[in-house]
Structure formats: C-alpha cells, structure tokens
Amino acid sequence: MKALVKPKPEPGLELIDQPIPSPGPSEILVKIHASAICGSDIKIKRWDPVMQNLIRTLPVIPGHECAGEVIEVGNNVSKVKTGDRVAAETHIPCGKCNQCLRGRLHTCDNMQLFGHTIDGCFADYALFPESATWKLPVELSYDLGCLLEPMGIPYRAVERAKIYNEPVVVLGCGPIGQFAIAFSHLQTAKPLIAVDTNPLRLNIAKQMGADFCLNPHDVQVTESIRDITSSSRNVAVIIEASGNVKAFQELLPTLRAGGKAMVLGQSKDNLLLSVSPDIVLRELELVGFYGRLLWDTWEKTQDILQTGLIDVTPVITNRYRLADFNKAFQEAEMGNGCKVLFVSD
C-alpha cells in the first residue's frame with residue numbers, strides 16, 4: 001500500500017510503499033476512502049517544536065481525520081464487522097487513569113493520539129483501535145464522515161456557550177471556525193459576525209450563516225462590531241478559532257459583562273488579562289476546548305448532518321489523491337482553500 005510517512009526529525013513527508021498491516025486482537029483494518037489535512041498535520045510536516053515534543057518515535061504516518069470501510073477485524077473486536085463504514089477518533093484513552101474514571105476520556109492522562117503517537121490515516125489502509133472507532137450510517141458520505149472529528153470541538157464550544165438570539169463573533173474562518181459559524185447559526189446567533197483576512201474563507205462563512213464578514217485588512221474590527229451590535233461592549237460570545245492571540249486580545253473588550261470566550265485555536269503565545277477589570281468585575285467566562293466528548297459529541301454532530309440541519313460541504317474546497325500530497329499540503333498551508341481532503345479511487 002501507499003503511505004505518507006514522517007520518516008526523519010526534519011521538515012518534510014515522504015510517500016512510500018509498505019505492506020498492508022494486520023489487525024491485532026482489538027484493532028480494525030480500514031480501507032481509507034477520505035481523510036482531511038488538519039493544522040497539526042501541517043505542523044508535523046514542518047516539524048514544528050510542538051510536534052518534536054509530542055512525537056517521540058519515527059517514522060510515523062500522520063493524519064487523523066478520516067473515514068473508510070472495515071476490511072478485517074481482530075479476534076476481540078465486537079463493535080464493528082467487515083463491510084461497516086467507520087470514522088476514527090483521534091484521542092485514544094487508557095480507560096484507567098483519574099481523568100478517564102471521571103468520564104473525561106478526551107483528556108486522558110495516558111493519551112495516545114492517532115496520527116501522532118501511533119500511525120494514522122494518510123495511507124491506503126490504516127489500523128483503528130476499536131476503542132477509537134465510530135460506526136457511520138450508510139447514508140453519510142465518507143467525505144462528511146471524515147469531518148465529524150474536527151466538527152466535534154466547535155460543536156462543544158457552541159453547545160457550552162448556549163447561544164440563542166445573542167451577538168456572536170467567530171475569530172478565524174478556517175475549517176474549525178466555519179463549523180463554529182454553522183453551529184452558531186443553527187443556535188440562532190444574531191448577529192453572527194465572522195472575522196478573517198482571507199476573502200475566500202469569508203465567502204464560505206456567509207454560506208455557513210454569518211450575517212457580517214469582517215476583514216481586518218479592510219475595516220477596523222472592534223469599531224465595526226460596535227456599530228453592528230449598537231454598543232462597544234455588547235458581544236455575548238467570542239469563539240476564538242484563529243490561534244491569533246493579539247487579535248483575540250483586541251476583541252475581548254467587546255464582550256458584555258457575563259460574556260463568554262470559547263477558545264479553540266492553539267498558540268504558543270501568551271494571553272494577558274487583568275484579573276479584576278477583565279475577569280472578576282465583568283464576570284467573564286473563558287473556556288478552552290480540546291477534543292470531543294466520547295461519544296456524546298459524535299452522536300450529536302452526526303445527527304445534525306444526517307437530518308440536514310447544516311450543510312458543511314462548502315467547507316470542502318479541495319480533493320486530491322494521496323500521490324499529490326505536496327500540492328495538497330501547499331494548498332492547505334497557503335490558505336488557498338479551506339478543508340483539503342485526500343480521497344481514494
């Protein structure tokens with residue numbers, strides 16, 4: 001089979017031939033039909049310091065957002081059978097640590113990560129641990145199935161924010177931001193404001209339900225938000241999906257007292273807040289999100305897609321074969337599209 005591999009501790013990826021793996025007792029062999037490039041995959045390709053600290057064993061096959069068909073199952077597998085359609089959960093919990101026993105499997109103390117600490121899905125075939133396998137309905141396409149993983153975090157943020165007829169700002173219109181816009185629109189955010197410097201992504205944000213799309217290159221964002229919401233401090237919720245700490249810092253004063261900041265974007269930069277005026281006196285709520293609730297989030301996001309409550313297909317802007325990985329990663333890194341997929345024949 002063909003597999004895209006991180007072979008050495010240096011920038012770059014390599015497409016190689018290697019044998020199709022055999023599933024262990026609790027593993028599932030899956031033919032990958034659709035997989036998506038995540039920002040963390042770009043960091044693996046670049047070999048950013050955060051990935052150097054996380055990935056201790058090379059070579060490794062990256063990729064964790066995927067869907068495919070079950071080809072073979074291990075002797076102890078009971079959850080799925082040959083021919084089933086499945087998607088992969090990235091977080092592989094131990095089930096025994098303090099976090100797992102408290103029901104927080106997604107923040108397991110001994111977490112393995114599909115596509116990071118174990119081989120992932122940028123290959124013709126991949127091994128899924130049964131504990132990290134989600135069975136897909138036949139009505140859901142593989143393309144949409146592979147989006148359930150990245151949809152989970154923005155869904156959790158919107159669910160936690162309890163958005164109903166309230167002003168919402170989504171900072172960053174990459175795939176995570178687009179899903180946050182779609183879910184916020186579904187929860188009747190009004191007005192729903194999207195902020196990004198990429199015109200193509202702002203256009204997709206309109207399709208996802210944004211009422212106003214602000215480009216910092218064209219307008220003064222905080223002044224525009226004040227005009228839209230009729231106040232300098234009238235935003236109920238900010239969903240930070242950009243990783244741009246400076247832009248997030250500039251937006252925080254637009255939150256009303258009792259407002260909520262839902263943080264999804266990851267950054268190595270520090271966020272500076274004044275405890276008394278910023279948090280205590282205004283009773284702001286600042287919440288970070290990492291991963292999906294297993295398996296509550298998966299069930300809810302899948303139901304939303306199946307019932308047609310949102311249409312996320314405009315977020316998928318590029319499809320490539322695995323052999324064209326260089327061009328696919330270039331598109332993803334340059335932001336020429338939004339969600340970039342690898343698809344099989």
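Annotations
- Ranking of D311, D211 by count of other Cβ atoms within 10 Å, fewest first: D311, D211
- Listed from fewest to most Cβ neighbours within 10 Å, the set H64, H217 follows the order H217, H64.
- For the peptides 184-193, 28-37, 198-207, residues were scored by their other Cβ atoms within 10 Å and the scores averaged per peptide; the highest-first order is 28-37, 184-193, 198-207.
- Per-residue 3J(HN,Hα) values for the range 142-151, derived from phi via the Karplus relation 6.51 cos²θ - 1.76 cosθ + 1.60 with θ = phi - 60°, read 4, 4, 6, x, 6, 8, 4, 4, x, 6 Hz in sequence order (x marks Gly and Pro).
- Burial ordering of K246, K6, K45, fewest other beta-carbon atoms within 10 Å first: K246, K45, K6
- Estimated distance in nm for a label pair at D311 and K96, the labels positioned 7 Å out from Cα along Cα-to-Cβ: 4.9
- Separation of the range 80-111 from the range 133-187 is 20 Å, based on Cα centroids.
- Under 5 Å from the amide H of D84 lie the amide H atoms of V70, each residue being 5 or more positions distant or on a separate chain, with H modelled from the backbone and absent for Pro and chain starts.
- Under the convention that each Lys and Arg Cβ holds +1 and each Asp and Glu Cβ holds -1, the size of the dipole of the chain around its Cα centre is about 500 debye.
- DSSP beta bridge pairing in the chain, given as percent antiparallel to the nearest 5: 55
- Helix-only [θ]222 nm of the chain, DSSP H runs n ≥ 4, -39500 (n - 2.57) each, per residue, nearest 500: -7500 deg cm²/dmol
- For the range 151-288, average projected area of the Cα convex hull in nm²: 7.3
- Distance violations [Cα-Cα > 26 Å] among K79/K300; K2/K327; K135/K206; K6/K31; K45/K268; K43/K81: K135/K206; K43/K81
Since every read-out is calculated from the coordinates, none of them should be taken as a lab result. Only a predicted model underlies this, so the values are computations on that prediction, with no experimental measurement involved. Glycine gets a Cβ as well: all are built from the backbone with ideal geometry, and neighbour counts include every protein chain shown.
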